[in-house]
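The values are calculated or read from the model by the stated rules, or taken from the named source; none is laboratory data. Given the structure is predicted, the values throughout are model-derived calculations rather than measurements. Cβ: placed from backbone, ideal geometry, glycine included. Neighbour counts: every protein chain shown. Ligands, DNA and RNA are stripped out before the accessible areas are found, and what is left, the full protein with its side chains, is counted by its heavy atoms. Shrake-Rupley method; radii C 1.70, N 1.55, O 1.52, S 1.80 Å.
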Amino acid sequence: MKKGLLIILSGPSGVGKGTVRKYIMKENDLRIVYSISMTTRKPRKKEIDGVDYYFVSNEEFQHHIDHDDFLEWAEFVDHRYGTPKSYVEELRNKGKNVFLEIEVNGANQVLSRVHDTGVVSIFLMPPSHKALEERIRRRKTESEELIQKRLNKGLSEIKEASRYQHVVVNDKIKRASKEIIDIIRNKIKENE
Ligand code: 5GP
């Protein structure tokens with residue numbers, strides 16, 4: 001069986017990666033499986049352990065670093081986030097297309113470690129800084145201090161966008177999702 005793709009989606013906090021992901025996951029023919037990350041961040045309202053993330057303590061996260069369990073991991077605004085390695089490999093070997101929603105440092109680690117042709121990297125770009133700020137505020141999940149930290153981080157992430165194979169502007173969520181779905185569909189064909 002042909003090994004599945006490794007799809008990387010990055011973009012600044014608040015750009016709409018989660019919403020785009022929901023549209024993509026509806027396309028059953030793409031055989032996409034979402035890679036659930038591990039994080040030391042506390043769950044937000046409505047987030048479920050084992051669905052949105054595996055929420056773990058600092059000690060547990062450190063244990064996984066020490067045992068080389070992560071394909072990549074990174075620190076993002078006071079917390080750590082990582083992709084479990086064995087899960088990704090297992091699924092790709094079963095022909096599933098694995099979807100990683102990760103920040104840019106983690107994406108760089110994956111791109112420098114995984115060298116097969118099945119990797120596709122996409123950066124989701126906000127249409128403007130103002131739009132990003134409005135979106136992150138509307139979400140009402142973070143304090144003012146954290147919003148500022150996330151916006152600053154977002155600006156430095158945008159500078160890295162050219163490292164990705166594709167940059168998609170999230171002007172309208174459905175349009176942007178369709179553009180990403182087309183990118184993935186083309187890559188699946190190319191990979192066959
Ligand atoms: P949030 O706290 O908003 O859920 O996530 C913060 C940032 O961390 C987002 O850009 C998100 O895509 C990223 N992220 C989530 N999981 C991982 C992961 O496993 N590895 C890395 N490097 N970043 C992640």
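Name the residues in segment 141-185 that are among the small types (Gly, Ala, Ser) and open to solvent by 20 Å² or more (accessible area, probe 1.4 Å), would you?
SER143, SER156, SER162 - these are the residues of segment 141-185 that are among the small types (Gly, Ala, Ser) and open to solvent by 20 Å² or more (accessible area, probe 1.4 Å).
Okay, residues lined up against (1) modelled with pLDDT under 95; (2) within 14 Å of the ligand (Cβ to nearest atom); (3) surrounded by fewer than 17 Cβ atoms within 10 Å (Cβ to Cβ); (4) in a helix (DSSP H, G or I):
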site	(1), (2), (3), (4)
GLY4	no, no, no, no
LEU9	no, yes, no, no
LYS42	no, yes, yes, no
LYS46	yes, yes, yes, no
VAL51	no, yes, yes, no
TYR54	no, yes, yes, no
PHE61	no, yes, no, yes
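Among the residues of segment 65-90, write down those that are surrounded by fewer than 20 Cβ atoms within 10 Å (Cβ to Cβ) and not in a strand (DSSP E or B). Answer for segment 65-90, where residues must be surrounded by fewer than 20 Cβ atoms within 10 Å (Cβ to Cβ) and not in a strand (DSSP E or B): ILE65, ASP66, HIS67, ASP68, ASP69, VAL77, ASP78, LYS85, SER86, TYR87, GLU89, GLU90. Note on segment 114-192: enclosed helices (runs of 4 or more DSSP H) holding 2 or more residues that are under 18 Å from ILE32 (Cα atoms), touching a residue at least 12 places away in the same chain (Cβ under 8 Å) and in contact with a Phe, Trp or Tyr (Cβ under 8 Å, 6 or more places away or on another chain) are 173-191. Hey, any hits in segment 5-19 for a residue that's farther than 21 Å from LYS159 by Cα and out of contact with any strand residue (DSSP E or B) (no Cβ under 8 Å at 6 or more places or on another chain)? Yes, because at least one residue in segment 5-19 is farther than 21 Å from LYS159 by Cα and out of contact with any strand residue (DSSP E or B) (no Cβ under 8 Å at 6 or more places or on another chain).
Scanning segment 18-40 for residues that are outside any strand (DSSP E or B), of a type in the set (Ser, Thr, Tyr) and either closer than 28 Å to LYS178 by Cα or over 19 Å from the mean Cα position of the chain (by Cα) (or both) returns THR19, TYR23, SER35, SER37.
Against the list (1) crowded, with 18+ Cβ neighbours inside 10 Å; (2) of a type outside the set (Ser, Thr, Tyr); (3) within 14 Å of the ligand (Cβ to nearest atom); (4) modelled with pLDDT of 95 or more, the condition ILE136 fails is (4).
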